[in-house]
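**Q** Attaching a single structure in structure tokens format; questions to follow.
Each value in this text was obtained by applying a stated rule to the coordinates, not by laboratory testing. All figures in this text were calculated on a predicted structure; none of them were measured in a lab. No Cβ is skipped: glycine too gets one built from the backbone with ideal geometry, and neighbour counts run over all protein chains shown.
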Amino acid sequence: GGIFTYDPGYLSTASSSSGITFIDGDKGILLYRGYPIEQLAEKCDFLEVCFLLMNGELPNGAQKKSFDNTVTGHTMVHEQLARFYTGFRRDAHPMAVMIGVVGALSAFYHDAMDISDAAHRELSAFRLIAKLPTITAMAYKYNIGQPFVYPRNDLNYAQNFMHMMFATPAEEYKPNPVLARALDRILILHADHEQNASTSTVRLAGSSGANPFACISAGIACLWGPAHGGANEACLNMLEEIGDDSRIGEYIARAKDKDDPFRLSGFGHRVYRNFDPRATLMRETCHEVLDELGLHDDRLFKLALKLEKIALEDEYFIERKLYPNVDFYSGIVQRALGIPASMFTAIFTMARTVGWIAQWSEMISDPEYKIGRPRQLYTGAVTRDVVPIASRK
Ligand code: CMC
């Protein structure tokens, strides 16, 4: 009984109220706690943005120092967690590993499982933000068969991640500030995005009172899909597959063909119907990185620019307001940094963890939060009687 609104895909349903992120999809505006993404990307580092998302205000100098120190105090993972990796096939997709390992953190932190205690919630948030780079880099090292590299707390967040990815027992990692800044910017641009599918998943999982590590693991599972966080990997694979300017027309035609399930990866967005402000910043970062590395002639970057231009001039994409999204360029940046495509979605995970945990904390500390329990339109059989098995057709 009762009257429900039927809204598959939540096209017109607000699932929650939130004071964290604001998007105006028609104007191409993205704000974290009221600050434009362009200013945050230019003036702040990722941990400042984490502080902002979690606490509502930017930190002052002393707060920033203390926040950074707390994060670096939690970057190590227990040696038993390291052994957890060895249960996976060595060629396991990093996202499969992340779902398992982050979920397994639930079993390591019984000291802070009372979600009604704000101090416990904060400790879990610090643990997640601090350990995600370590866990992500370990998934990569496991894939390539190299020993895990311990975090270095004298480096900043992005540099430390690159150190754990690229250092080997034979060779130290020397941070390149331009490249580390580019990674930091990727993290800032992916840190939160209001009630997207994975964040809604984290909220729904959390609404039952489940522990934050289990909830974030649920978010990672959702992020993995090619319509969401998997788009950056899919986009780079698509560019590789197109391979040459001469084949762009063929792929555009396929994307427009309603009998072909193929879509241009990195194009389109549920909320942005003008442009994705993150894509503009990412394109800029892409130029900076390719300049720094002397890769102005990068084959895939040129191909991406050309594909973007052709799509933006095509009636099909114009009518449907389809623009490049953040993931159209983030893959090219990461590839230039030496990161393989299979790791792109894991790095998105590392960045979005702060958004997930900030949204989870916001929900849990709201005295009015309820378990998320959608209704349905039932379309199954009407009431009928069970007949004895011998009489069934
Ligand atoms: N290529 C070709 N056609 C497209 C594309 C695309 N990338 N995206 C949307 N369309 C068409 C779609 O076929 C539909 O056409 P029609 O009206 O003729 O049926 C119309 O545009 C509207 O699309 P929709 O699927 O109803 O829109 P949605 O809001 O449900 O989906 C989306 C949004 C992002 C899932 C979709 O645009 C898409 O699949 N894009 C490719 C994957 C991608 O890049 N995802 C990353 C999103 S940004 C990063 C993140 O937040 O995860």
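**Q** Over the alpha carbons of segment 26-107, what is the largest minus smallest coordinate on each principal axis, giving the biggest first in Å?
**A** Each principal axis gives a Cα extent; for segment 26-107 these are 44, 38, 21 Å.
**Q** Another question about this same structure. Between segment 10-70 and segment 238-304, what is the separation of their alpha carbon centroids in Å?
**A** Computed from Cα coordinates, the inter-centre distance equals 27 Å.
**Q** Each residue of segment 58-65 in turn: what ³J(HN,Hα) in whole Hz from Karplus with 6.51, -1.76, 1.60 and θ = phi - 60°, glycine and Pro shown as x?
**A** Per residue, the Karplus-derived 3J(HN,Hα) values read 6, x, 7, x, 5, 5, 5, 4 Hz.
**Q** Now for a different question. Using 0.36 nm per residue, how much length does the chain from D117 to A82 gain when fully extended, once their Cα-Cα distance is taken away?
**A** 9.7 nm
**Q** Give the long-range amide H neighbours of I29: residues separated by 5 or more places, or on another chain, with amide H under 5 Å away, using H modelled in the peptide plane at 1.01 Å from N.
**A** The answer is D24.
**Q** Same structure, new question: Given R₀ = 51 Å, FRET efficiency for V387-V178 by Cβ-Cβ distance, to 0.05?
**A** Using R0 = 51 Å, I get an efficiency of 0.10.
**Q** Any lysines with Cα under 26 Å of the K302 Cα? List them, leaving off those in the same chain fewer than 8 positions away.
**A** K256, K321
**Q** From the backbone phi of segment 286-298, what are the Karplus-calculated ³J(HN,Hα) couplings (6.51 cos²θ - 1.76 cosθ + 1.60, θ = phi - 60°) in whole Hz, Gly and Pro given as x?
**A** 4, 4, 4, 5, 5, 5, 4, 8, x, 10, 3, 8, 3
**Q** Given H placed on each backbone N at 1.01 Å, which residues far from G230 in sequence or on other chains put an amide H within less than 5 Å of it?
**A** So G230 has HN proximity to G225.
**Q** Scan around F267 for amide H atoms under 5 Å from its own, H built in the peptide plane at 1.01 Å from N, and keep only partners 5 or more places away or cross-chain.
**A** Amide H neighbours of F267: N325.
**Q** Run the simple label-point estimate for D257 and D24 please: 7 Å along Cα→C-beta, distance reported in nm.
**A** Result: 4.1 nm between the two label points.
**Q** Sorted from fewest to most neighbouring beta carbons within 10 Å, what does the list T70, T13, T383, T134 look like?
**A** Fewest-to-most ranking of T70, T13, T383, T134: T383, T13, T70, T134.
**Q** Something else about it: Taking the Kirkwood radius as the inverse of the mean 1/r across Cα pairs, report the Rg/Rh of segment 1-46.
**A** That ratio equals 1.18.
**Q** Also, I was wondering about something else. Quick check on the exposure proxy: order S207, S198 from fewest to most C-beta atoms within 10 angstrom.
**A** Sorted ascending by nearby Cβ count, the order is S207, S198.
**Q** Can you check what the net charge comes to around G355, using other residues whose Cβ is under 9 Å from the Cβ of G355 (Lys, Arg +1; Asp, Glu -1)?
**A** Overall, the nearby charge balance is -1.
**Q** Would you please state which residues of segment 209-228 a label at K321 would reach in this model, taking the label point 7 Å out along Cα→Cβ and a backbone N cut-off of under 20 Å?
**A** Answer for this model: 228.
**Q** Test of understanding: ordering V382, V271, V102 by Cβ neighbours within 10 Å, fewest first, what list do you get?
**A** V382, V271, V102
**Q** For Q63 and K302, what is the calculated FRET efficiency with R₀ set at 41 Å and r taken between the beta-carbons, to the nearest 0.05?
**A** Approximately 0.40, to the nearest 0.05.
**Q** So if we plug the beta-carbon distance of E292 and K43 into 1/(1 + (r/R0)^6) with R0 = 30 Å, what FRET efficiency do we get, rounded to 0.05?
**A** For R0 = 30 Å, the calculated efficiency reads 0.90.
**Q** Within the set K64/K306; K27/K306; K141/K309, which residue pairs have Cα atoms separated by over 32 Å?
**A** Checking Cα-Cα distances, K64/K306; K141/K309 exceed 32 Å.
**Q** Rounded to whole Hz and in sequence order, give me ³J(HN,Hα) for segment 167-180 from the Karplus expression 6.51 cos²θ - 1.76 cosθ + 1.60, θ = phi - 60°, writing x for Gly and Pro.
**A** 5, 10, x, 8, 9, 6, 8, 9, x, 9, x, 5, 6, 5
**Q** Just the ratio, please: alpha-carbon radius of gyration of the chain over 2.2 N^0.38 Å, N its number of residues.
**A** Dividing the Cα radius of gyration by 2.2 N^0.38 Å gives 1.04.
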